[in-house]
Amino acid sequence: MKLCYNLHSLQKQTLHQQQRYVLFQSFTIRKIRNLFSTKFVSFIHNFTQINQHQNITSISTLYSNLLPKCTASKSLKPGKQIHSHVIKLGLSQNPKIRNLLINLYSKCQSFGYARNMVDQSTEPDLISWSALISGYSQNGFGKEAILAFYDMHLLGVKCNEFTFPSVLKACVVTRSLILGRQVHGSVVVTGFENNEFVANSLVVLYAKCGGFGDSRKIFDAMVERSVVSWNSLLSCYVQSDLCEEAVVLFGEMVLSRVRPNEFSLSCMINACTGLEDVGQGRKIHGYLIKLAYDLDLFSSNALVDMYAKVGTLEEAICVFEEIAKPDIVSWNAVIAGCVLREHHHWALELFENMNRSGMCPNMYTISSALKACAAMGLKELGRQLHSSLIKMDIGSDSFIRVGLIDLYFKCDLMTDARLVFKSMSEKNMIAWNAVITGHSQNLEDIEAVSLFPLMHKEGVGFDQITLSTVLKSVASLHVNHICSQIHALSMKSGFEFDNYVINSLIDTYGKCGGMEDATRVFKESPFADLVAFTSMITSYSQNGQGEEALKLYLKMQDREIRPDSFLCSSLLNACANLSAYEQGKQVHVHVLKFGFMSDSYAGNSLVNMYAKCGSIDDADRAFSEIPERGIVSWSAMIGGLAQHGHGKEALDFFNRMIKDGVSPNHITLVSVLCACNHAGLVSEAEKYFKSMEMLFGIEPTQEHYACMIDILGRAGKLEEAMKLVNIMPFQPNASVWGSLLGSARVHKNIELGEQAAEMLFSLEPDKSGTHVLLANIYASVGMYNDVAKMRRLMKDSKVKKEPGMSWIEVKDKVHTFIVGDRDHYRSKEIYAKLDELAELLNRAGYVPMVEIDLHDVARSEKEQLLSHHSEKLAVAFGLIATPPGAPIRVKKNLRVCLDCHTAFKFICKIVSREIILRDINRYHHFKDGSCSCGDYW
């Protein structure tokens, strides 16, 4: 309107001038489409040349109207052209034009020109200083704005309600709360504290500098609070992650009858995202619709982001589809949401739709697309995106480079990942973390650990992600000394109290066998959360300290920390290793109580626990309740059946698994061969062994060969077993020779036994089992001189025979026994029960197998030694400590001896009890006078 008014006044001048202005007016009607084109600049130049001696006032008015338009569009070049004409016409000291030029240069960030104009002014006024300070503040030059404020103050120029907000904003930019308080004092002195615009700036100052108490006092003291005032404090709360306070403030705003606008509601949507409160978010969505702001693009984008993060992806997509013209932020929000919710195919479909719509992606869009490709293993599409990035000239962005490194590592393109990393001119911490994580995830643990000192040497620094990732690789490599070094470095660098690092240290020490260090780190931690307890309990379980794991869980319960499915899984594994059936059932109750039955980890661990605790029926029930049975579920059940001697049932399960479309892995096939082994199914074993590569694409490993050699040897096919040893593509290890030695014992083959024992003496010189088995072979054929030689060899070599130990669980307590043990508090009752059983056994026809005892003592003494074996003591205790008819469950650290095996077949029938014995190899179920192994073990 102002421009039209000035043009109308100029039409009263000469006809020549009128013709010129008619031309200019038609230019204006075209909405100043080419306002700052070269032709227009030429027009201004010609117009000025013609009229410079006729009417300076009209020219000054024209420039005064054009300069704000240059500022609004940030068109610096035409502004400079006008400035040059201003200088030629001697209008530089015209206050209005000068201030307009200062404002132009300030907004266009040409602060050198702006400051020169202020300094060259004979008397710079408040408007000049305000324009300069405002330009500095709006463009993030807080220090320069404050210095300009000082200069203005020294000249005695006083601030007004427009200058104070710019100065206060500069204080926010520089986080200068002390200076902000000084400016606040000036505000009070000059009487502007009641000005809403100034008060809002003070509210923002204190809030963004951490003084929310002062901020709220100023806000509460405001006489009039418009929606802008409420929004100022709301946005500060949200930006400072004080989302609950933001929700409360919004409630006060509504009660104050202040109508929220689209900015208020967008802030609240972000607050709901921060609180992960989708219910409150839906209420704000309702406000948007009610107040007719649902078409606001800014609010719609916030809604898409909120629903994608804390609601449902379907809701996010619905909001997105209602946006008439989605911008880049809209597309990025919905695509990132799909990636976050792991709907990667949707993300890529939307990415394609975005390209079709003509919207050009930015680095955030590309980053989401790269994540989707990485998750889906789309190598070629990832490479196409990389090519597009190079064409778009944003491929050098470090954020994008990290995405490419992640993509290539996850797609197993290790060389490409290394090339991208190597080509980075500046490798920041995030890039180093990405490449270390990539190596770790691809099981290249040596490379991951080796990169850490290089990263440290480059001076990049490291964070908790670096330390935790490196520690994970250290755990896989089982190098305890490196874990100690990283522990020392983390303490030196101030990470000793970082929860993430502490938990990683506990886990790594545990996996490296450093239980003392793991325990110390756990106990010294100032805060022990669920993850710390899980790491420690898992470490105990993995290191054979199941009792400690269960004790620690009780302490965790005292702290009222709720377990998760992974912790329950670790506890179940601890119970499995202890054969703690009763405690395992209690953990099962917790699994039910906390609703983890649908979790595959907990379900698989239940199957494993019951199988290892001797209850294959319970294991079968747990298996049937797993909603989605994967390879781990099937393998656990097949392995459990194999251990319990149910070979045919194990093979039936294997066939069911194949029919269900679950492909076996190498562990499953080991379990299948073990099932054949325990049941003596030699032909079936040969069939599976010979066809595993052809049918399932699994090449036999050393473990499969060891199983097959054991099967052939136990079946008496010693020549075939040795033939397989000679043709196997591996050097025979201790497991293979141990199987052959066991077979030689069963079939009393001295030659093979001596050959296998000789190899084992070199591979495992400290293992006593080799000497004992070879001595048993000699004893079985009456070569007692060689038995004596073997005993002397053990003594001279200082090889100690591992003592036989047995465990039994009664009323949540595990009782341990060794041969001839009299330390138990109920020893008198135990030995009395053994004497009672001895008499009943004699009547039933049991004869002690004294020939298996290698001690050089009389027969009566040998009989007594045999009767006091640890497993017999445990069974006797079970008979006096458990209810009549209850199964007796015993665990032994060695292979059950032939005499005990024979005795238990008699005992189970005499006392009408099932005896379930788990030895180092398998389970034996003694019931009704027979064993589940069929005497084949």
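If you fit an axis through the alpha-carbon atoms of helix 702-714 and take the longest principal axis of the Cα set of the chain, what angle between them do you get, 0 to 90°, nearest 10?
Here the helix axis deviates by roughly 20 degrees.
So if I take the centroid of the Cα atoms in segment 431-482 and the same for segment 502-522, what is the distance between those two points in Å?
18 Å
As a check on your grasp of the helix formula, calculate [θ] at 222 nm for the chain: sum -39500 (n - 2.57) over DSSP H runs of n ≥ 4, divide by the residue count, round to the nearest 500.
Rounded to the nearest 500, the figure is -22000 deg cm²/dmol.
Quick check: from the Cα gyration tensor, does segment 203-286 come out rounded (a/c under 1.5), prolate or oblate?
Since a/c reaches 1.5 but b/c is at least a/b, the shape of segment 203-286 is classed as oblate.
Where the centroid of each part is defined by its Cα atoms, how far is segment 376-391 from segment 625-644 in Å?
Here the two parts' Cα centres lie 40 Å apart.
With respect to the cross-link table entries Lys800/Lys872; Lys551/Lys659; Lys585/Lys833, which display a Cα-Cα separation exceeding 32 Å?
Exceeds cut-off: Lys551/Lys659.
From the alpha carbon gyration tensor of segment 576-632, can you work out the equivalent ellipsoid semi-axes (sqrt of 5 times each eigenvalue) and give them in Å, largest to smallest?
After diagonalising the Cα gyration tensor, the semi-axes are 17, 13, 9 Å.
Averaged over every viewing direction, what's the projected area of the C-alpha convex hull for segment 528-605? Give it in nm², one decimal, please.
4.4 nm²
Quantify, in whole percent, the carbon and sulfur part of the accessible surface of segment 137-214 (1.4 Å probe; protein heavy atoms only).
Taking all protein chains in place, segment 137-214 shows 58 percent carbon and sulfur surface.
Tilt of helix 379-392 relative to the longest C-alpha principal axis of the chain, in degrees (0 to 90, nearest 10)?
The angle comes out at about 20 degrees.
Could you point to the residue in Phe594, Ala642, Asn362 farthest towards the positive end of the chain's charge dipole, with +1 and -1 charges on the Cβ of Lys/Arg and Asp/Glu respectively?
Of Phe594, Ala642, Asn362, it is Asn362.
At a probe size of 1.4 Å, how large is the accessible area of Val173, to the nearest 10 Å²?
Roughly 70 Å² of Val173 is accessible to a 1.4 Å probe.
Plugging the Kirkwood radius over Cα pairs into Stokes-Einstein for the chain, at a temperature of 20 °C and a viscosity of 1.002 mPa s, what D comes out in µm²/s?
60 µm²/s
Quick one: with all protein chains in place, what share of the accessible area of segment 423-579 is carbon or sulfur, to the nearest percent (1.4 Å probe)?
53 percent
Over the heavy atoms of Thr57, what accessible area does a 1.4 Å probe trace out, to the nearest 10 Å²?
100 Å²
Using a 1.4 Å probe on the protein heavy atoms, what percent of the accessible area of segment 746-898 belongs to carbon and sulfur?
Roughly 53 percent, rounded to a whole number.
For a protection proxy built on the mean count of beta-carbon atoms within 10 angstrom, sort 404-413, 245-254 highest first, please.
Per-residue Cβ counts within 10 Å, averaged per peptide and sorted highest first, yield 404-413, 245-254.
Need one word for segment 124-212: rounded, prolate or oblate. Basis is the Cα gyration tensor (sqrt eigenvalues a ≥ b ≥ c); a/c below 1.5 gives rounded, then a/b vs b/c decides.
oblate
In straight Cα distance, which lysines are under 18 Å from Lys208, not counting same-chain residues fewer than 8 positions off?
Output for Lys208: Lys143, Lys169, Lys217.
Take every Cα pair under 8 Å in segment 422-520 that's 6+ residues apart, average their separations, divide by the length, and report that relative contact order as a whole percent.
23 percent
Using a/c under 1.5 as the rounded threshold, could you call segment 592-719 rounded, prolate or oblate? The axes a ≥ b ≥ c are square roots of the C-alpha gyration tensor eigenvalues, and prolate needs a/b larger than b/c, oblate otherwise.
Prolate is the answer for segment 592-719, as a/c is 1.5 or above and a/b outweighs b/c.
Can you tell me which lysines have their Cα less than 28 Å from the Cα of Lys391? Leave out same-chain residues fewer than eight positions away.
Lys391 reaches Lys325, Lys371, Lys379, Lys410, Lys422, Lys427.
Just order 417-424, 364-371 by mean Cβ neighbour count inside 10 Å, highest at the front, would you?
364-371, 417-424
Cα axis of helix 111-120 to longest principal axis of the chain: angle in degrees, 0 to 90, nearest 10?
So the inclination is approximately 40 degrees.
Which lysines have a Cα less than 25 Å from the Cα of Lys717, not counting those fewer than 8 places away in the same chain?
Cα-Cα hits under 25 Å: Lys648, Lys687, Lys690, Lys748.
Using heavy-atom solvent-accessible surface (probe 1.4 Å) with all chains present, what is the largest-first order of Trp807, Trp432?
Sorted by accessible area, descending: Trp807, Trp432.
Cα centroid distance between segment 216-276 and segment 776-808, in Å?
Cα centroid to Cα centroid, the span is 83 Å.
Gly156: net charge of surrounding residues, Cβ under 13 Å, Lys/Arg +1, Asp/Glu -1, itself excluded?
Overall, the nearby charge balance is -2.
Using the heavy atoms of the protein chains alone and a 1.4 angstrom probe, what is the accessible area of the chain per residue in square angstrom?
49 Å²
In whole Hz, with x marking every Gly and Pro, tabulate ³J(HN,Hα) for segment 600-616 from phi via Karplus 6.51 cos²θ - 1.76 cosθ + 1.60, θ = phi - 60°.
5, 4, 5, x, 5, 5, 5, 4, 4, 5, 5, 5, 7, 8, x, 10, 5
The values are calculated or read from the model by the stated rules, or taken from the named source; none is laboratory data. What you see is a predicted model, and the numbers here were worked out from it, not measured in a lab. A quick note on method: Cβ atoms are made from the backbone with ideal geometry, for glycine too, and the neighbour counts reach across all protein chains shown. The accessibility values were calculated without ligands, DNA or RNA, using every heavy atom of the protein model including side chains. Shrake-Rupley method; radii C 1.70, N 1.55, O 1.52, S 1.80 Å.
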